[in-house]
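Okay, so here's the structure we're looking at.
Every number here is computed from the coordinates shown, using simple stated rules; none is lab data. If you're wondering where the values come from, they're calculated on a predicted model, not measured in any experiment. Ideal geometry is used to build each Cβ from the backbone, glycine not excepted, and the neighbour counts take in all protein chains shown.
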Amino acid sequence: MTHPGYKQFCPLAMAGELLCTRWTMLVLRELMAGSTRFNDLRRGVPKMSPTLLSQRLKELEAAGVIERHPAAQKGNFEYQLTHAGKDLRGVVEAMGFWGQRWIETSSSLKKQNLDVSLLMWDMRRNLKPSPLPNKRTVINFLYPELPASKRSWWLVVEADGGVDLCWADPGFEIDLYVSTDLRTMTAIWMGLTTVAREKDKVSLTGDRAIANTMQDWLGLSPFAVELKRGPTLVAA
């Protein structure tokens, strides 16, 4: 740990020296959501530099919060939470739930806080396949106001329930096109509004059955779910 400490024996101060460094809690959020590979962790914190992510992982490993294990693919590693790391779940969830309840909505939805890469990555791992047809289903999300490189995203849901996120056209027939603005989609995802309430801002073109069940298969941010069902971080 290279940053200055609080120099207090208080357990809160000592925990803060590890957990209150920039990005650390978000890295823990990703680990608790099921990401174990470096590249998957990066997708969950897309604005964090690879160098800083590597540094934070080393700090968490040195503190006994995570362990690094060789992956099946030679030269790659997986990061797993230790018992001490798993014991932080309540801390991470409590902070997220507090933010959902008490941080002003207008602040969370400010333009500089919107991130289409993170939004789509979260949607991929929390999507609920059961309301969708028992076949490959492809949903193309379009954000017309964004630059061309970030405007179009594809969620590919396989018959076995596997979900993939694509930045480029996967070449499959599209079952549903969802066109909206990033702020509206983020608000729906956070549970601050619903697809039905935003029907004038969300254009759905394609399979009507899939369109009509969008609120069911979309899922929500795990912190939004807590307001209705109790806490749970959904695994990737």
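Annotations for the structure displayed:
- Trypsin sites (Lys or Arg not before Pro) within the range 2-93, DSSP loop, no more than 10 other Cβ atoms inside 10 Å: Lys7, Arg22, Lys47, Lys74
- Simple rule: put +1 on each Lys or Arg Cβ and -1 on each Asp or Glu Cβ in the range 127-210, find the dipole, and look at Tyr143, Val163, Trp189; the Cα lying farthest toward the positive end is Trp189.
- Taking the Cα centre of the range 35-118 as origin and assigning +1 to Lys and Arg Cβ atoms and -1 to Asp and Glu Cβ atoms, the resulting dipole is close to 260 debye.
- Largest mean-square fluctuation among Gly191, Gly96, Gly75, in a Gaussian network model of the chain whose springs join Cα atoms under 10 Å apart, belongs to Gly75.
- If R0 is 22 Å, the Cβ-Cβ spacing of Val91 and Arg37 corresponds to a FRET efficiency of close to 0.40.
- Alpha carbon centroid spacing (whole Å) that separates the range 156-174 from the range 1-59: 31 Å
- Förster radius 30 Å - calculated FRET efficiency between Asn134 and Ala196 (Cβ-Cβ, nearest 0.05): 0.75
- Proximal charge balance of Ile174 [Cβ under 13 Å; K/R count +1, D/E count -1]: -3
- Rough spin-label spacing in nm, given labels placed 7 Å along Cα→Cβ, for Gln112 and Arg151: 2.7 nm
- Distance between the modelled labels on Ala159 and Ala15, one decimal in nanometres: 4.9 nm (7 Å Cα→Cβ projection).
- Theoretical FRET efficiency, 1/(1+(r/R0)^6), r = Cβ-Cβ of Ser203 and Arg183, R0 22 Å, to 0.05: 0.90
- Among Ser35, Ser149, Ser130, the residue with the largest mean-square fluctuation in a Gaussian network model of the chain, with springs joining Cα atoms closer than 10 Å, is Ser149.
- Mean ellipticity per residue at 222 nm, deg cm²/dmol - from DSSP H runs of n ≥ 4 across the chain, formula -39500 (n - 2.57): -11500 deg cm²/dmol
- Dipole-positive endmost among Ile174, Gly44, Ala72 within the chain (Cβ charges, Cα centre): Gly44
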